Amino acid sequence: MPGFLHVSSHSMLITSFKVMYSTLRQQPKLTETIPRLDSIFFKWVAVNQQPYFLLVRNPYTRIESFFKDKFRKSVILSEEKNEWQDFQKRFFAHLGLRTTMPPKTVGHKLRSTSFAEMLSILPEVYTSDPHIWPQHWHKTILGVSIPMKFDRVFKMECPDDLSEIATTFDLNFSISANSTQSVKETLVWTEEHIEMVKNIYREDFKRFGYSLDISRKKEGS
């Protein structure tokens, strides 16, 4: 799970991918920890007892953002470079794709994959990539799980939370990155897929106080 160190206060802000991660990387007052060395990060926090905070997002909107980014927005660039991102490749076998196929063939298939089709594959792949891991997941130190006890949890959907986190970490939210707002496709949820996402991310809904009611996904409750 990526972490960001505030350069002056040494407070830590932890988040998941698809939870404002790209925007946080652009902030001049934050320094990113090394994502793949989470165990060292947690050990550092434990030893130094630094205050640290968690930024979360409603699981429904996080999955929508993942789809709009990895199956729509990012496909053109990946196709041009013929460099498919790891989290796109997690779906290849389920879509009948191979990295040796012509990039236009792969790109067309990804762009033609519906939201419902992506959701149907999600239970088979969500454990394999941090972009779709549950947000309460974390690494372990020598095989021992380290509980994450945050000083505060902030929600992306809550204006008051974003205002407070901007003040605490000197953030400039006018610096935005990797927004999927340009993708205007309407995403339709079936009852089956709603129940599936509830089951996969049940602990996230519970721990972070998000409603299981999908109609309230933009409320932060």
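Using a cut-off of 11 Å between beta-carbons, work out the net charge of the residues near Q88 (Lys and Arg +1, Asp and Glu -1, Q88 not included).
Charge balance near Q88 sits at -1.
Where does helix 115-125 land angle-wise versus the long Cα axis of the chain, in degrees 0 to 90, nearest 10?
With rounding to tens, the tilt is 60 degrees.
Per residue of the stretch 204-221, in order, report the coupling 6.51 cos²θ - 1.76 cosθ + 1.60 (Karplus, θ = phi - 60°) as ³J(HN,Hα) in whole Hz, putting x for Gly and Pro.
Result, rounded to whole Hz: 5, 4, 6, 5, 9, x, 8, 6, 6, 6, 5, 5, 10, 5, 9, 8, x, 9.
Determine ³J(HN,Hα), in whole Hz, for all residues of the stretch 67-74 in sequence, where each value follows from phi through the Karplus function 6.51 cos²θ - 1.76 cosθ + 1.60 and θ = phi - 60°; x replaces Gly and Pro.
4, 4, 7, 7, 10, 9, 4, 7
Sort 5-13, 98-106 by packing, meaning the average of other beta carbons within 10 Å per residue, with the highest value first.
In descending order of packing, they fall as 5-13, 98-106.
Once amide H atoms are placed 1.01 Å from N in the peptide plane, what residues at a sequence separation of 5 or more from E32, or on another chain, have their amide H within under 5 Å of its amide H?
L5
For the chain, modelled as a GNM with alpha-carbon contacts under 10 angstrom, which of S174, S114, S163 fluctuates the most?
S174
Quick note: the coordinates plus some simple rules give every number you see, no bench work behind them. This one's a predicted model, so the numbers in the text were calculated from it and none came from an experiment. Positions of Cβ are backbone-derived with ideal geometry, glycine not excepted, and every protein chain shown enters the neighbour counts.
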